[in-house]
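Engineer: Pasting a structure below so you can have a look.
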Amino acid sequence: MAFLGHKVTCVDPDASKIAALGRGEVPFHEPYLEELIEEARPNLSFTTDYDEAIPEAQVVFIAVGTPPGKNGAPDLQYLQAAAQGVGERLGHHFTVVVNKSTVPIGSGNWVGALIREAAETRGRGKDCFAVASNPEFLREGSALHDSLYPDRVVVGADDPRTSEVLYTLYRPILDQTFPAPSFLARPERVGGVPLISTDLASAELIKYAANAFLALKISYINEVGLLAEKVGADILQVARGIGLDARIGNRFLQAGLGWGGSCFGKDTAAMVSTASEYGLDMAIVKAAREVNRRQRERVVEKLLAELKILKGRTVGLLGLAFKPHTDDLREAPAIDVARQLIERGAKVKAHDPVAMDRFKREHSSLEHILCATPADVARDADALVLVTEWPQYGELDWEAIAGSMRTPILLDGRHVLDRARVTRAGLRYIGLAG
Ligand SMILES: NC(=O)c1ccc[n+]([C@@H]2O[C@H](COP(=O)([O-])OP(=O)(O)OC[C@H]3O[C@@H](n4cnc5c(N)ncnc54)[C@H](O)[C@@H]3O)[C@@H](O)[C@H]2O)c1
């Protein structure tokens, strides 16, 4: 928003994050974010104090975490605190409060009620604000691309004034009139970005329905992968043959270890939980979750089938982040896999190009598994597992790796490596689906 020319104040109670951002340091790994912040700096400020941000604002985005809570429903304590904090400080003009966080259906009304209550304690009327839902679809690792060049913008609002304000705010993106940053060229596209203007509940459901669909697409190809292995079919060819059908599309059809990250797990759980409140059983979404959970166990099963005994073996993991180009470790398959292997008595070694510092902070009890280089991970290992498909792992010196391992077994958990090449290098290549 600041890059597009709007004046933006970012508020977070985490003082260390705010201090880092003030110095121009981004507290997580996201390609080009530092550069973009630098370009937008004249329009940007960072603070821990709501009073510096809310009273003057015409639009307030609430983008706090909504982590998984009990029984699959998200924990809304941060959303509640933010809504109350905003309500207590609304200015004397009309303010649009936008739910940018992924929140359960009905949260727009709830946030509205919280703000109204807080505003009324300050003698403000119920007409001084309106709530909108503006779900976020960006992917970590390509967050800037997805924000500047989105497939669509969804705005849910029950008050026409709100839609108008957000339309004005998003106009440079909808019409693609802003100059593209030098490091992020504008992709070729026909026309502008579609705006989906809906009621609040529809916007909230669009976010859950989109994430659940992507999650089940991944689980579907993983389930087909199980069958492919049994019948001796090649899952990569099968996925290609399916994906070229324009009705299906080839994205999210990569068989492997399945999804991780902070969104798919919690959002599918939240969808199942919301549906159950209405007596509905989301059978397909539940099955997608179960298939995804089982994929992580398959790594251990495959290694067991190869090595026969895991106790005392050394297994190397390439990649810790839940996907490439981020250091996010939330729900990362690598952590589950490492724990399962350690429980079975194996020694685990691991490497990641960017997520190791975060790993030390967030998983200090497992810090001892970290190795400085992929070569260190491979040395004397009984098997190597590619967990995260960082592009640089495709370019490793596989001959040297094969030569340094105790038994040169390579389990490609993402089906991305060049099978012929690593086999020529002397490794026994195994895919998760055959
Ligand atoms: N990460 C993604 O790729 C992604 C994509 C789409 C949607 N979302 C949704 O966006 C939301 C945020 O996700 P995230 O990954 O950025 O979470 P996060 O936990 O990384 O960041 C949330 C931030 O909110 C701050 N916070 C907590 N309470 C606050 C308060 N009262 N006022 C102001 N700030 C407060 C925290 O200190 C933290 O810095 C979630 O609802 C998530 O589902 C995330």
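Engineer: Please compute the net charge surrounding V131, taking Lys and Arg as +1 and Asp and Glu as -1 over other residues with Cβ under 9 Å from its Cβ. Don't jump to the answer; show the numbers that get you there.
Structural biologist: Values: positive: none; negative: D158, D159.
Neighbour charge sum, excluding V131 itself: -2.
Engineer: While we're looking at this one, here's another question. Would you mind calculating the gained length between Q80 and S197 on full extension (0.36 nm times residue separation, minus the Cα-Cα distance), in nm to one decimal?
Structural biologist: 39.6 nm
Engineer: For the pair S16/L304, report the inter-label distance in nm, with labels modelled 7 Å from Cα in the Cβ direction.
Structural biologist: 3.9
Engineer: Of K17/K360; K17/K349; K230/K286, which ones are farther than 21 Å apart at the Cα?
Structural biologist: Pairs exceeding the cut-off: K17/K349; K230/K286.
Engineer: Ranked from the most accessible area to the least, with a 1.4 Å probe and all protein chains present, what is the order of K347, K70?
Structural biologist: I get K70, K347, largest accessible area first.
Engineer: If you take every residue apart from H92 with its C-beta less than 11 Å away from the C-beta of H92, what net charge results, scoring Lys and Arg +1 and Asp and Glu -1?
Structural biologist: Combined, the nearby Lys, Arg, Asp and Glu give +1.
Engineer: Hey, another quick one. Computed FRET efficiency, Cβ-Cβ of R189 and E52, R0 25 Å: what is it to the nearest 0.05? Please list the in-between numbers first.
Structural biologist: On the way: r = 38 Å, r/R0 = 1.51.
For R0 = 25 Å, the calculated efficiency reads 0.10.
Engineer: Another question, then. Keeping all protein chains in position, work out how much accessible area S365 exposes to a 1.4 Å probe, and write it in Å² to the nearest 10.
Structural biologist: Probe radius 1.4 Å; accessible area of S365 about 80 Å².
Engineer: From Cα pairs below 8 angstrom and at least 6 apart in sequence, can you work out the relative contact order of the range 146-287, rounded to a whole percent?
Structural biologist: 22
Engineer: Can you work out ³J(HN,Hα) from phi for every residue in the range 94-99, in order, using Karplus 6.51 cos²θ - 1.76 cosθ + 1.60 and θ = phi - 60°, giving whole Hz and x for Gly and Pro?
Structural biologist: In residue order, the calculated couplings are 6, 10, 9, 9, 10, 7 Hz.
Engineer: Cα atoms only, the range 272-427: Rg and Dmax in Å?
Structural biologist: Rg, Dmax (Cα atoms, Å): 16.8, 58.
Engineer: Now for a different question. Could you run the Debye sum over the Cα atoms of the range 13-149, one equal point scatterer each and no solvent, and tell me log10 of I(q)/I(0) at q = 0.21 Å⁻¹, two decimals?
Structural biologist: Values returned for q = 0.21 Å⁻¹ are -1.37.
Engineer: Between H368 and A63, what is the label-point separation in nm under the 7 Å Cα-to-beta-carbon projection?
Structural biologist: Label at A63, label at H368, 4.0 nm between them.
Engineer: Moving on to the next point. Per residue, how much accessible area does the chain show when a 1.4 Å probe rolls over the protein heavy atoms, in square angstrom?
Structural biologist: 48
Engineer: In addition: Report, by chain and number, residues whose modeled amide H sits under 5 Å from the one on V60, excluding near sequence neighbours (fewer than 5 apart, same chain).
Structural biologist: Amide H to amide H, under 5 Å and 5 or more residues apart or across chains, V60 pairs with V96, V97, V98.
Engineer: Tell me what the chain gives for mean residue ellipticity at 222 nm when only DSSP H runs of n ≥ 4 count, each as -39,500 (n - 2.57), the sum divided by the residue total, rounded to 500 deg cm²/dmol.
Structural biologist: Helix-only estimate at 222 nm: -13000 deg cm²/dmol.
Engineer: Normalised by the number of residues in the chain, what is the relative contact order in percent for Cα pairs under 8 Å and 6+ residues apart?
Structural biologist: With pairs under 8 Å counted, the relative contact order is 12 percent.
Engineer: Then there is this: So, how do all the Cα-to-Cα distances of the range 353-434 break down into 10 Å bins, in percent, from 0 on up?
Structural biologist: 18, 49, 27, 6
Engineer: Quick one: 3J(HN,Hα) in Hz for the range 204-211, Karplus 6.51/-1.76/1.60 with θ = phi - 60°, rounded, Gly and Pro as x.
Structural biologist: After applying 6.51 cos²θ - 1.76 cosθ + 1.60, I find 5, 6, 4, 4, 5, 5, 5, 5 Hz.
Engineer: Next question, about the same structure. Based on the Kirkwood radius over alpha-carbon pairs, what is the Stokes-Einstein translational diffusion coefficient of the chain at 37 °C with 0.692 mPa s viscosity, in µm²/s?
Structural biologist: Details: Rh = 23.7 Å.
The Stokes-Einstein estimate is 138 µm²/s.
Engineer: Sticking with this structure for a sec: Could you calculate the contour length gain from E164 to A210, that is, 0.36 nm times the residue separation minus the distance between their Cα atoms, to one decimal place in nm?
Structural biologist: 14.1 nm is the gain from fully extending E164 to A210.
Engineer: I would also like to ask the following. Given H placed on each backbone N at 1.01 Å, which residues far from H415 in sequence or on other chains put an amide H within less than 5 Å of it?
Structural biologist: Here L432 satisfy the definition.
Engineer: Applying the Karplus parametrisation 6.51 cos²θ - 1.76 cosθ + 1.60 with θ = phi - 60° to the phi angles of the range 9-17, what ³J(HN,Hα) value in whole Hz is obtained for each residue in order, glycine and proline being reported as x?
Structural biologist: Result, rounded to whole Hz: 10, 9, 10, 8, x, 7, 4, 5, 5.
Engineer: If you take every residue apart from R294 with its C-beta less than 11 Å away from the C-beta of R294, what net charge results, scoring Lys and Arg +1 and Asp and Glu -1?
Structural biologist: 0
Engineer: Among DSSP beta bridges whose residues both lie in the chain, state the antiparallel percentage, nearest 5.
Structural biologist: So the antiparallel bridges in the chain amount to around 10 percent.
Engineer: In what sequence, largest accessible area first, do R419, R89, R122 appear using a 1.4 Å probe?
Structural biologist: R122, R419, R89
Engineer: Taking the dipole about the Cα centre of the range 143-239, with the C-beta of Lys and Arg at +1 and of Asp and Glu at -1, give me whichever of I218, L184, A201 is farthest to the positive side.
Structural biologist: Going by the Cα projections, it comes out as L184.
Engineer: Using a 1.4 Å probe on the protein chains only, how many percent of the accessible area of the range 23-116 belongs to carbon and sulfur?
Structural biologist: It is 49 percent, rounded to a whole number.
Engineer: First measure r as the distance between the Cβ atoms of E39 and A246, then evaluate 1/(1 + (r/R0)^6) with R0 = 45 Å and state the FRET efficiency to the nearest 0.05.
Structural biologist: Taking R0 as 45 Å, the efficiency between E39 and A246 is 0.75.
Engineer: With every atom except the alpha carbons ignored, what do you get for Rg and Dmax of the range 248-346, in angstroms?
Structural biologist: Cα radius of gyration and Dmax of the range 248-346 are 15.9, 50 Å respectively.
Engineer: I would also like to ask the following. Scan around I196 for amide H atoms under 5 Å from its own, H built in the peptide plane at 1.01 Å from N, and keep only partners 5 or more places away or cross-chain.
Structural biologist: Here V153, V154, V155 satisfy the definition.
Engineer: Ranked from the most accessible area to the least, with a 1.4 Å probe and all protein chains present, what is the order of L317, L44?
Structural biologist: On the way: L317 0, L44 35 Å².
Result of the area sort, largest leading: L44, L317.
Engineer: Over all directions, how big on average is the projection of the convex hull of the alpha-carbon atoms in the range 21-81, in square nanometres?
Structural biologist: Mean orientational projected area (the range 21-81, Cα hull): 6.0 nm².
Engineer: Please find the FRET efficiency linking V26 to E117, where r is the Cβ-Cβ separation and R0 is fixed at 41 Å, and quote it to the nearest 0.05.
Structural biologist: Given R0 = 41 Å and the Cβ-Cβ separation, E is 0.70.
Engineer: With a ≥ b ≥ c the root eigenvalues of the C-alpha gyration tensor of the range 113-167, is it rounded (a/c under 1.5), prolate (a/b larger than b/c) or oblate?
Structural biologist: Cα axes put the range 113-167 in the prolate bin.
The values are calculated or read from the model by the stated rules, or taken from the named source; none is laboratory data. Remember, predicted model here, so these are calculated numbers, not experimental data. All Cβ positions, even for glycine, are placed from backbone atoms using ideal geometry, and neighbour counts span all protein chains on display. Accessible surface areas use protein heavy atoms only, side chains included; no ligands, DNA or RNA. Shrake-Rupley method; radii C 1.70, N 1.55, O 1.52, S 1.80 Å.
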